[in-house]
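Encoded as structure tokens, the structure appears first; notes follow it.
The values are calculated or read from the model by the stated rules, or taken from the named source; none is laboratory data. Since we're looking at a predicted model, the values are computed, not measured. Cβ coordinates were reconstructed from backbone atoms using ideal geometry, including for glycine residues, and neighbour counts include every protein chain displayed.
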Amino acid sequence: MTSSFDAVAIGHLDKGRIVVGGNASEALGGAVYYGGMVLLALGLRVAVVTRLAKEDTRLLDELRASGAALFPVFTDGTTGIENILPDPRADTRRCYRRGFAGTFRPEDLPEIPARLYYLGTIITDEIDLAFLQAVAERGPVALDAQGCLRQLVGDELVTDGWPWADQGLPLVRYLKVDDREAAALTGQKDPRRAAEAIAEHGPQEIVLTRKEGVLVLADGRFHEAPFRPRTLAGRTGRGDTCFSAYLGRRLLGDSPETATRFAAALTTIKLERPGPFRGPLDEVRMRIAKP
């Protein structure tokens with residue numbers, strides 16, 4: 001059997017396009033990219049399982065160079081999402097599907113043991129209940145529910161309900177949502193009430209991100225820390241970065257409170273710079289120390 005990992009990151013890469021204030025640029029995205037780079041920066045042993053077209057293998061180059069073990073599943077196409085941000089200072093965007101690598105299947109999972117299985121979903125139908133069940137049989141699951149809560153309206157990805165949430169949530173230990181996703185899932189606009197409602201369905205730790213910062217509900221207690229970026233040049237990937245930073249520090253032994261502060265500080269740095277977090281970690285510690 002292959003050597004064990006701290007985390008197996010599972011999800012589609014995004015061969016994406018970002019339009020900010022009318023200016024367009026190509027950009028690699030996806031939770032396994034933004035989140036995987038954070039976990040690697042923390043010194044963890046990381047495997048990445050993704051679906052993509054063989055001609056897009058180059059999209060994995062940075063993860064490979066940073067130390068990730070790669071387990072690609074080749075498909076006819078690669079997922080692509082166009083993110084349109086009319087106002088770079090605002091926290092609103094519209095998203096459109098421009099490609100889809102297909103739904104993960106249980107047979108896509110390699111036989112690799114890990115302390116945590118991190119499912120970073122970004123698009124409608126990326127996973128289904130059968131796949132989540134197969135992952136949960138391997139070990140503890142962390143799920144970014146973004147893709148589960150996205151529905152296709154034409155080509156637009158719209159945050160809406162999660163049809164099989166009642167069956168899926170009990171299989172998840174760590175759940176990440178943003179404030180809009182939490183409201184769509186629970187009907188509760190207040191973030192704390194939404195987190196409590198989610199916890200009733202099984203997840204032990206809920207990480208809820210929003211413009212102001214991160215709110216964590218862990219074993220019945222709330223922890224909160226703000227984002228304090230000087231700019232929002234790196235807005236894309238905020239939730240992926242925050243969730244993976246929290247998960248990484250929990251794997252390294254931090255309490256939920258300490259992991260929350262660390263995740264907020266690291267995410268603040270990422271928000272100021274396009275692309276994934278690439279370190280150094282000393283800068284994160286300096287941000288935590290600032291009042």
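Using the structure shown, decide if Tyr96 is within 16 Å of the chain's Cα centre (by Cα) and of a type in the set (Phe, Trp, Tyr). No, not satisfied. Remark: pairs (first residue in the stretch 2-31, under 25 Å from Thr75 (Cβ atoms); second residue surrounded by fewer than 11 Cβ atoms within 10 Å (Cβ to Cβ); Cβ separation under 6 Å; 6+ apart in sequence or on different chains) = Arg17/Glu26; Ile18/Ser25. Looking across the stretch 211-237, just one residue is at pLDDT 95 or above and basic (Lys, Arg), and that is Arg221.
Based on this model, can you work out whether Ala264 counts as closer than 24 Å to Ile122 by Cα and assigned to a helix (DSSP H, G or I)? Answer is yes for this residue.
Does Phe227 fit the bill of being touching a Ser or Thr at 6+ places or on another chain (Cβ under 8 Å) and in contact (Cβ under 8 Å) with a residue 12 or more places away in the chain? It would help to see each step written out before you state the result.
Values: touching a Ser or Thr at 6+ places or on another chain (Cβ under 8 Å): yes; in contact (Cβ under 8 Å) with a residue 12 or more places away in the chain: yes.
In short, yes.
Across the stretch 272-285, the qualifying residues are those that are assigned to a helix (DSSP H, G or I) and surrounded by fewer than 17 Cβ atoms within 10 Å (Cβ to Cβ), and the one among them that is nearest to the chain's Cα centre (by Cα) is Leu281. Taken as a whole, the structure leaves Ile122 outside the set of residues that are surrounded by 15 or more Cβ atoms within 10 Å (Cβ to Cβ), more than 25 Å from His201 (Cβ to Cβ) and not acidic (Asp, Glu).
Please find, among Ile288, Ile269, the residue that is over 18 Å from Tyr33 (Cα atoms) and part of a helix (DSSP H, G or I). Spell out the reasoning first.
Values: Ile269 fails: over 18 Å from Tyr33 (Cα atoms).
Of the residues listed, the single one that is over 18 Å from Tyr33 (Cα atoms) and part of a helix (DSSP H, G or I) is Ile288.
Which residues, taken from the stretch 134-176, are surrounded by fewer than 21 Cβ atoms within 10 Å (Cβ to Cβ) and part of a loop (DSSP other than H, G, I, E, B)? Let's see the steps before the verdict.
Going residue by residue through the stretch 134-176, those that are surrounded by fewer than 21 Cβ atoms within 10 Å (Cβ to Cβ) are 134, 136-140, 151-156, 158-167, 170-171, 173.
Those that are surrounded by fewer than 21 Cβ atoms within 10 Å (Cβ to Cβ) and part of a loop (DSSP other than H, G, I, E, B): Glu137, Arg138, Gly139, Pro140, Gly154, Asp155, Asp160, Gly161, Trp162, Pro163, Trp164, Arg173.
Residue count for the stretch 231-269 satisfying the condition of being in contact with a Gly (Cβ under 8 Å, 6 or more places away or on another chain), within 23 Å of Glu26 (Cα to Cα) and without any contact (Cβ under 8 Å) to a residue 60 or more places away in the chain: 1. Entry remark, the stretch 132-179: residues being of a type in the set (A, V, I, L, M) and either modelled with pLDDT under 95 or within 25 Å of Gly16 (Cβ to Cβ) (or both) number 12 in total. The residues in the stretch 1-51 that are over 22 Å from Ala145 (Cβ atoms) and of a type in the set (Gly, Ala, Ser) can be counted, and the count is 9.
When the residues of the stretch 115-139 are filtered to those that are aliphatic (A, V, I, L, M) and within 18 Å of the chain's Cα centre (by Cα), the one that is farthest from Gly154 (Cα to Cα) is Leu116.
A search for C-beta distances below 8 Å between a residue of the stretch 150-179 that is within 16 Å of Asp128 (Cα to Cα) and without any contact (Cβ under 8 Å) to a residue 40 or more places away in the chain and any residue that is loosely packed, with under 14 Cβ neighbours inside 10 Å and small (Gly, Ala, Ser), counting only pairs 6+ apart in sequence or on different chains, returns Gln151/Gly161. Determine, yes or no, whether Arg250 is out of contact with any Cys (no Cβ under 8 Å at 6 or more places or on another chain) and surrounded by fewer than 20 Cβ atoms within 10 Å (Cβ to Cβ). Criteria not met by Arg250.
Residue-wise test of (1) surrounded by fewer than 23 Cβ atoms within 10 Å (Cβ to Cβ); (2) more than 22 Å from Val141 (Cα to Cα).
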| position | (1), (2) |
| --- | --- |
| Gly187 | yes, yes |
| Arg193 | yes, yes |
| Arg210 | yes, yes |
| Phe222 | yes, no |
| Gly239 | no, no |
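Which of the residues belonging to the stretch 247-291 are of a type in the set (Lys, Arg) and closer than 21 Å to Ala9 by Cα? Within the stretch 247-291, Arg249, Arg250, Lys270, Arg278 qualify.
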